[in-house]
Amino acid sequence: MNVRSALEGDATAWNQLVEQNPQATFFHLWQWREVVQTNFGFTPHYLIAEDSSTTRGILPLFHVTRPPFPSALISTPLCTYGGSVADCDQAHAELDLAAQKLAHELGVAYLEMRDLHQQREGYVLRDSYASFRKILPERIDHTLKAIPVKQRAEIRKGINAGGSTRRSRNLDEFFRIYSTSVRNLGSPVFRRSYYQSLLDVFGDQAEIITAYADGVGISSVMIFWFRDEVLLYYGGSLPAARELRSTQFMYWDVMNQAVERGTRLFDFGRSIKDTGTYRFKKLWGFEPGQLSYNYHLVRAATAPDLRPDNFRMLTNLWSHLPLPLANRLGPFAARLIV
């Protein structure tokens with residue numbers, strides 16, 4: 001088994017493996033290499049495990065530098081899932097050893113693997129995050145019934161309020177809603193060009209769904225289509241959406257659109273445990289799944305701790321910034337939490 005650095009000419013074979021291997025996720029696609037490198041300047045180190053010129057496994061990695069914080073080797077920044085994808089244990093093991101060797105050569109603080117399930121031997125486990133993934137009903141008239149009674153009542157309020165949605169690639173409207181929403185929650189936003197690049201690079205696999213009231217967008221979400229999955233990734237709402245339940249209506253509408261396409265799995269994204277978004281997703285009948293974020297320590301003494309209590313003062317301050325200032329400062333602050 002040989003492990004080597006991936007070249008541009010490997011893109012097609014790489015994505016073929018991602019499409020065919022059930023371990024792979026949307027975030028393993030080759031296109032993330034361009035998105036992350038172009039928008040953030042992080043250096044990609046994509047590894048391929050081969051046996052007799054046959055690709056047996058892949059591992060996307062990025063050398064993440066964000067002064068004044070120490071650098072790290074991450075699979076994959078900006079993404080919910082990462083880690084190696086392979087068709088045999090040997091390929092997994094060889095890719096893991098190659099990643100650890102690279103981390104020491106680069107002198108990073110730590111190597112981070114954002115595994116969906118796997119807990120790696122010899123790594124430090126951080127289990128702050130949970131995933132929310134659920135099989136969808138096969139028929140549209142069953143989607144509402146599959147949602148718990150309390151949340152079902154919220155969706156009906158959205159229906160009765162005259163909720164409507166549109167599918168588009170209108171980034172201006174999405175960014176207006178999303179940047180306001182994350183500012184209100186005390187979080188920085190990335191540059192508008194980053195979200196545009198997601199639409200450009202992923203093409204038909206990326207889409208924006210927006211909910212309207214009186215012709216004005218008040219909730220919006222960027223979603224990704226991958227194999228038989230739909231992933232809700234960047235979403236937000238304006239304060240007016242709360243009374244009209246437009247957020248609940250919008251998410252239910254995405255479920256219906258997914259069922260119409262024959263999509264089987266609804267991925268509600270990750271949330272830090274015991275936060276507002278974590279509890280909100282549980283209301284939809286999703287059982288949280290453990291995300292195993294594994295850390296191989298190189299120069300760091302401990303793995304990073306992402307619990308929100310550690311950032312409460314900063315989030316409270318950020319939520320009170322004027323929106324133009326928050327959008328201007330956001331890209332610099334957001335780099336620290338990729």
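The values are calculated or read from the model by the stated rules, or taken from the named source; none is laboratory data. These figures come from a predicted structure and were not determined experimentally. Here the Cβ positions follow ideal geometry from the backbone for every residue, glycine too, while neighbour counts run over all protein chains shown.
Annotations
- Residues of the stretch 131-169 that are loosely packed, with under 15 Cβ neighbours inside 10 Å, under 21 Å from the mean Cα position of the chain (by Cα) and in a loop (DSSP other than H, G, I, E, B): 169 alone.
- Evaluated against (1) surrounded by fewer than 17 Cβ atoms within 10 Å (Cβ to Cβ); (2) more than 25 Å from residue 130 (Cβ to Cβ); (3) not hydroxyl-bearing (Ser, Thr, Tyr), residue 6 falls short on exactly one condition, (1).
- Among the residues listed as 27, 69, the single one being in contact (Cβ under 8 Å) with a residue 12 or more places away in the chain, surrounded by 20 or more Cβ atoms within 10 Å (Cβ to Cβ) and within 18 Å of residue 112 (Cβ to Cβ): 27
- Evaluated against (1) of a type in the set (A, V, I, L, M); (2) under 30 Å from residue 23 (Cβ atoms); (3) not in a helix (DSSP H, G or I), residue 218 falls short on exactly one condition, (2).
- Residues of the stretch 43-66 satisfying the condition of being under 15 Å from residue 106 (Cβ atoms) and either touching a residue at least 60 places away in the same chain (Cβ under 8 Å) or surrounded by fewer than 19 Cβ atoms within 10 Å (Cβ to Cβ) (or both): 43, 44, 63, 64, 65, 66
- In the stretch 260-275 there is at least one residue that is over 29 Å from residue 205 (Cβ atoms) and loosely packed, with under 14 Cβ neighbours inside 10 Å.
- Boolean, residue 221 is of a type in the set (Val, Ile, Thr), over 16 Å from the mean Cα position of the chain (by Cα) and either within 17 Å of residue 172 (Cβ to Cβ) or not assigned by TED's automatic domain parsing to the domain that holds residue 167 (or both): no
- Screening residue 76 with (1) in the same structural domain as residue 209 (by TED's automatic domain parsing); (2) at negative phi gives one miss only, at (1).
- Residue within the stretch 187-210 that is of a type in the set (Asp, Glu) and either more than 16 Å from residue 31 (Cβ to Cβ) or surrounded by 20 or more Cβ atoms within 10 Å (Cβ to Cβ) (or both) present: no
- Residues that are among the hydroxyl-bearing types (Ser, Thr, Tyr) and either in contact with a helix residue (DSSP H, G or I) (Cβ under 8 Å, 6 or more places away or on another chain) or in the same structural domain as residue 198 (by TED's automatic domain parsing) (or both) within the stretch 26-57 comprise 38, 43, 46, 55, listed in sequence order.
- Of all residues in the stretch 170-199, exactly one satisfies the criterion of being part of a loop (DSSP other than H, G, I, E, B) and among the charged types (D, E, K, R), namely 191.
- With a requirement of 3 or more residues that are under 14 Å from residue 211 (Cα atoms) and of a type in the set (A, V, I, L, M, F, W, C), the helices (runs of 4 or more DSSP H) lying completely within the stretch 230-287 that satisfy it span 240-244, 246-260.
- Counting only strands (runs of 3 or more DSSP E) that sit wholly inside the stretch 36-124, those with at least 1 residues that are basic (Lys, Arg) and within 23 Å of the chain's Cα centre (by Cα) are 62-66, 110-115.
- Cβ-Cβ under 6 Å pairs, at least 6 apart or on other chains, the stretch 77-94 side under 17 Å from residue 295 (Cβ atoms), far side part of a loop (DSSP other than H, G, I, E, B): 77/338; 81/25; 81/116; 82/76
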